[in-house]
Amino acid sequence: MRIEVDGDTVTRVRGDLDDPISKGFICPKGSALGKLHHDPDRLRRPLVRRDGRHVEVSWDEAFAEVERGLSSVTTAHGPESVGIYVGNPNAHNFQANLALRPLIKSLRTRQVFSASTVDQMPKQVACGYVFGHPFMIPVPDVDRSDHLLILGANPVESNGSLASAPDWPGKLAALTGRGGRLVVVDPRRTKTAALAQEHVRIRPGTDAVLLAAMAQELFAGGLVSVGRLAPDVEGLPELEAALAAYTPEWAEGPTAIPAETIRRMARELAAAERAVVYGRIGTHTTEFGTVAAWLTDVLNLITGNLDRPGGAMFPVALHQRAHRKATGFTSGRWSSRVKGLPEFIGEIPVATMADEIEIPGTGQIKALLTVAGNPVLTTPDSNRLDAALATLEFMVSVDPYLNATTRHADVILPPPSPLERPHYDLAFQTLSLRNYADWSPAVFQADGPSEFEILVKLTAIAAGLGAGADPDTLAEASLDQQIATAVGRDDSPIAGRDPADIKKMLGDRPVDERIVDFMIRTGHRGDGFGAVPEGMALAGLEAHPHGIDFGPLESGLPGSLMTASGKVEIGAAELIGDLPRLKATFASSRGDRMLLVGRRQVRTANSWTHNVEVLVKGKPACTVQLHPDDAARIGITEGDDVRLRSEVGAIELTVEITEDIMPGVVSVPYGWGHGAPGTSQSVAERYAGVNVNVLTDSGAIDPLSGNARLNGIPVEVEAAR
Ligand SMILES: Nc1nc2c(c(=O)[nH]1)N[C@H]1C(S)=C(S)[C@@H](COP(=O)(O)OP(=O)(O)OC[C@H]3O[C@@H](n4cnc5c(=O)[nH]c(N)nc54)[C@H](O)[C@@H]3O)O[C@H]1N2
Ligand SMILES: Nc1nc2c(c(=O)[nH]1)N[C@H]1C(S)=C(S)[C@@H](COP(=O)(O)OP(=O)(O)OC[C@H]3O[C@@H](n4cnc5c(=O)[nH]c(N)nc54)[C@H](O)[C@@H]3O)O[C@H]1N2
Ligand SMILES: [Mo]
């Protein structure tokens, strides 16, 4: 981005035309960054709750309060009684990426929750089993594809998820412009569907059924062709056998897609020169999210499109090591206390967080940390969680806003704004449709601690070092540790080197930046601290202020596989083992109740950008969409207030009658429902909307990943009285 300033004031934000990846494309939220920075409601100083009100205090007072509150809980109930929830913005912040793992470790608790289990956990679990690592996620190589099948995603408005790229509208237009075919499967005619040659409406929650039937069609028709990877795949015969009964005729009932269409979709996919299947939120946040996530890659594999240009490919980040140890994927190393739900990637499902707070017993959560998360608006059965948070003995939030979640906190620690920290895409390079790297310096200097320092300070407090501990000392020790480990490893580019020399070569930047530099220099393109003279270091990246394009994605299998067998384990027993549940669930009609799905809107980001006027003003956005046939049947007309009722709650909002939505389905956007007592977001309060997660059921999860069902929720629809 190009950010123009006049002293302390942002005067203009534009895309960077010289950026080789974005070529100047920017989304509305990016251009509002200045407004976000200047938002008077954004917290600049820590808040502590005194006599039921939040008051500003100094950083020292705030940390002392954290130490007091946390140690009182751990002394009385042990470390297991402290929970932590980490939210989505952490993934966009390299400082949080670096600091969270040590923080969680120092808490010595298994009560670890994140937004992953209301999002991408099903894909991570599926990829964990099949490719050996939950962060080895293939992305659709849209730029070189001839046939793109999108399910349950609306990248024209969301800008792509687990598939990062600027300008999705341009990419999709280019694909169809060069004669490629775009097919979108979605119960709603989205802006993405509007660009497609074919929009297929599907009954919510049934993507796994559709994908199973498409794969079955290819097996049964002798149309499977794995190609180059054939010797590196395990489990295909088992998969074929397991899918035999999942015919298009069987799938027609559950999905509401004609068998003939399913056959044609499968055959077109197989016949295309280079094709790829890509699914997201609508596919993953369902009762069969993991199976659906797996089956998308089954289709990519059996059509010969896995790990080849135009198909599903694996990005490689600049800082990624060339050699990683293959250990395979395990889950369920422990279980949640109340419901016995298995652990995945070191955390337990956030859908059960309220259970862990409410239900007494050893290990009951008495204190909670939230870091960049707003679970009261973003996780299931919100009213219940909201009430549960009010019963905690102690709560700390690292967050720039006093909102639906943080209003329960005893201490709120606000990080600097995004313009007051440097930026490096530690997480999203590994999900990018092109290999690239970019370092953006901070625009302004922060006048409080960086988010890295805040999190390291919390780590020190949790480790018993006290609120007076110097975060730098702890962070330096962690960097020293990383250097020591690397010099001791045979496969490291700095094997056998003197740690002190390496440390010296990192110079005197802030320690979080030196950690990034260290990762880049020991990464697969790194300079190895002199071992590879033309290799990369952070300084070299900085010398390219517009970023560096390392080119299109490259094939990496089988060498990069991390499964224990070294093969693509496409027939993993855990995944095949869930097919009977799919069969049983859809053995008979599930009735004709209306089903609720979600939607995202281009000007908002989850629950937290609603306090910026330019992003919320205009026509009310938080409406329920209903098909005209349903509206007529229920007796509702445009603009009426409608009541939606699920197993767990009810909300009322204005109806928008539209042919875009499939009959039998209603769509409500998520992230809304602001203005609870004790919050201070004056703009969001005026455009409050309602919280759709009042309707989502914390008991409805995908058992393979613990992910919550956020789409395909049975609801009653009636006129509000
Ligand atoms: N019904 C339904 N529910 C959903 C979804 C859905 O589609 N439907 N989507 C799910 C998905 S995909 C996700 S990712 C989750 C998101 O769930 P969360 O991560 O819980 O929610 P966000 O709205 O992203 O909340 C971010 C919080 O971080 C704060 N924040 C913003 N920037 C920073 C920062 O730089 N540092 C810190 N410390 N805090 C910051 C904000 O003020 C806000 O309080 O919601 C999920 N919930
Ligand atoms: N503007 C904007 N951009 C965002 C965000 C945001 O809040 N606003 N959030 C970011 C985050 S955290 C994420 S994870 C991504 C998510 O990115 P996407 O997955 O692209 O986002 P959604 O708009 O939720 O798309 C889900 C689609 O699935 C459809 N759907 C619902 N149920 C089903 C089903 O059963 N089957 C099928 N096939 N379709 C179904 C819905 O109608 C909807 O169109 O977006 C990111 N980008
Ligand atoms: Mo997300």
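The values are calculated or read from the model by the stated rules, or taken from the named source; none is laboratory data. None of the values given here were measured: they were computed from a predicted structure. Virtual Cβ from ideal backbone geometry, glycine too; neighbours counted across all protein chains shown. Note: areas computed on protein heavy atoms with side chains; ligands, DNA, RNA excluded. Shrake-Rupley method; radii C 1.70, N 1.55, O 1.52, S 1.80 Å.
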Have a look at 623, 78, 464 and report the one farthest towards the positive end of the charge dipole of the chain, computed about the Cα centre with Cβ charges (Lys/Arg +1, Asp/Glu -1).
-> 623
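Accessible area per residue for the chain in Å², computed with a 1.4 Å probe and the full protein assembly in place, what is it? Spell out each step's value before the answer.
Working: 27120 Å² over 721 residues.
That works out to 38 Å² per residue.
At a 1.4 Å probe, what is the % contribution of carbon and sulfur to the accessible area of region 591-719?
Values: 2440 of 4850 Å².
Solvent-exposed carbon and sulfur of region 591-719 make up 50 percent of the total.
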Amide H partners (placed H, <5 Å) of residue 719, local residues excluded | 643
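Restricting to Cα pairs below 8 Å that are 6+ residues apart, what does the relative contact order work out to for the chain? Please round to a whole percent. Spell out each step's value before the answer.
Values: 1608 pairs, mean separation 143.6, N = 721.
Over the chain, the number comes to 20 percent.
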Apply 1/(1 + (r/R0)^6) to the Cβ-Cβ distance of residue 55 and residue 383, taking R0 = 25 Å, and write down the FRET efficiency to the nearest 0.05.
-> 0.35
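So if we plug the beta-carbon distance of residue 546 and residue 31 into 1/(1 + (r/R0)^6) with R0 = 30 Å, what FRET efficiency do we get, rounded to 0.05? All intermediate terms of the calculation are to be shown ahead of the outcome.
Details: r = 18 Å, r/R0 = 0.60.
The value I calculate is 0.95.
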Integer Hz, Karplus 6.51/-1.76/1.60 couplings in order for region 274-280, x for Gly and Pro = 9, 10, 8, 10, 9, x, 9
Cα pair distances in region 1-119, grouped into 10 Å bins until the bin that holds the longest one, percent each = 10, 24, 33, 20, 11, 2
For residue 665, which sequence-distant residues (separation of 5 or more, or a different chain) have an amide H within less than 5 Å of its own amide H, given hydrogens modelled in the peptide plane?
-> 595, 627
For region 245-251, take each phi angle, set θ = phi - 60°, evaluate the Karplus expression 6.51 cos²θ - 1.76 cosθ + 1.60, and give the result in whole Hz per residue in order, putting x for glycine and proline.
-> 7, 8, 7, x, 5, 5, 6
Difference of contour (0.36 nm per residue) and Cα-Cα distance, residue 325 to residue 509 = 63.2 nm
State to the nearest 20 debye the size of the charge dipole of region 591-719 about its Cα centre, where the only charges are +1 on K and R beta carbons and -1 on D and E beta carbons.
-> 480 debye
Among 684, 664, 595, whose Cα lies farthest out toward the positive end of the dipole of region 591-719, if unit charges sit on the beta carbon of Lys, Arg (+1) and Asp, Glu (-1)?
-> 684
Efficiency by 1/(1 + (r/R0)^6): what FRET value for residue 174 and residue 524, r their Cβ-Cβ distance, R0 = 25 Å, to the nearest 0.05?
-> 0.30
Take the alpha carbon gyration tensor of region 439-482, find the square roots of its eigenvalues, order them as a ≥ b ≥ c, and report rounded if a/c is under 1.5; if not, report prolate when a/b exceeds b/c, else oblate.
-> oblate
Any lysines with Cα under 20 Å of the residue 29 Cα? List them, leaving off those in the same chain fewer than 8 positions away.
-> 171, 191, 617, 619
In nm, give the distance between the simple-model label positions of residue 589 and residue 4, each being 7 Å from the Cα along the Cα-to-Cβ direction.
-> 6.3 nm
Using a 1.4 angstrom probe on the protein heavy atoms only, line up 610, 38 by accessible area, largest first.
-> 38, 610
For residue 622, what accessible area in Å² do you get when you roll a 1.4 Å probe over the heavy atoms of the protein chains, rounding to the nearest 10?
-> 20 Å²
Note, ³J(HN,Hα) from phi for region 301-306, Karplus 6.51, -1.76, 1.60, rounded to Hz, x at Gly and Pro | 5, 6, 9, x, 9, 7
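Just check region 591-719 against the gyration tensor rule for me: Cα atoms, a ≥ b ≥ c as the square roots of the eigenvalues, rounded for a/c under 1.5, and otherwise prolate or oblate depending on whether a/b exceeds b/c. Show your work: numbers first, answer last.
On the way: a/c = 1.85, a/b = 1.21, b/c = 1.53.
Oblate, because a/c is 1.5 or more while a/b does not exceed b/c.
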Zone of residue 245's modelled label, taken as backbone nitrogen in region 578-599 under 13 Å from a point 7 Å along Cα→Cβ | 578-588
Given +1 on the Cβ of Lys and Arg, -1 on the Cβ of Asp and Glu, and no further charges, what dipole in debye does the chain carry about its Cα centre, rounded to the nearest 20?
-> 540 debye
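Please figure out what share of the DSSP beta bridges in the chain is antiparallel and state it in percent, rounded to the nearest 5.
Here the share of antiparallel DSSP bridges comes out near 45 percent.
Using a 1.4 Å probe on the protein chains only, how many percent of the accessible area of region 381-447 belongs to carbon and sulfur? If you can, show how the numbers build up before the last one.
On the way: 940 of 1970 Å².
C and S fraction of accessible area: 47 percent.
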Quick one: which residues, 5 or more positions from residue 700 or on another chain, have an amide H under 5 Å from its amide H? H modelled 1.01 Å from N in the peptide plane, none for Pro or chain starts.
-> 709
In the calculated pair distance distribution of the chain, what percentage of Cα-Cα distances lie above 37 Å?
-> 39 percent
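How large a share of the accessible area of region 107-197, in percent, is made up of carbon and sulfur atoms when the probe is 1.4 Å and the other protein chains stay in place? Numbers along the way, then the final one.
On the way: 1190 of 2460 Å².
C and S fraction of accessible area: 48 percent.
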So, in nm, how far is label residue 12 from label residue 500 when the simple model puts each one 7 Å beyond its Cα toward the Cβ?
-> 5.3 nm
Based solely on its DSSP helices, what 222 nm [θ] is calculated for the chain when runs of n ≥ 4 H residues each add -39,500 (n - 2.57) and the sum is averaged over all residues, nearest 500 deg cm²/dmol?
-> -9000 deg cm²/dmol
With all protein chains present, calculate the accessible area of residue 1 using a 1.4 Å probe and round the result to the nearest 10 Å².
-> 110 Å²
On the full set of protein chains, 1.4 Å probe, figure out the accessible area of residue 567 and give it in Å² to the nearest 10.
-> 60 Å²
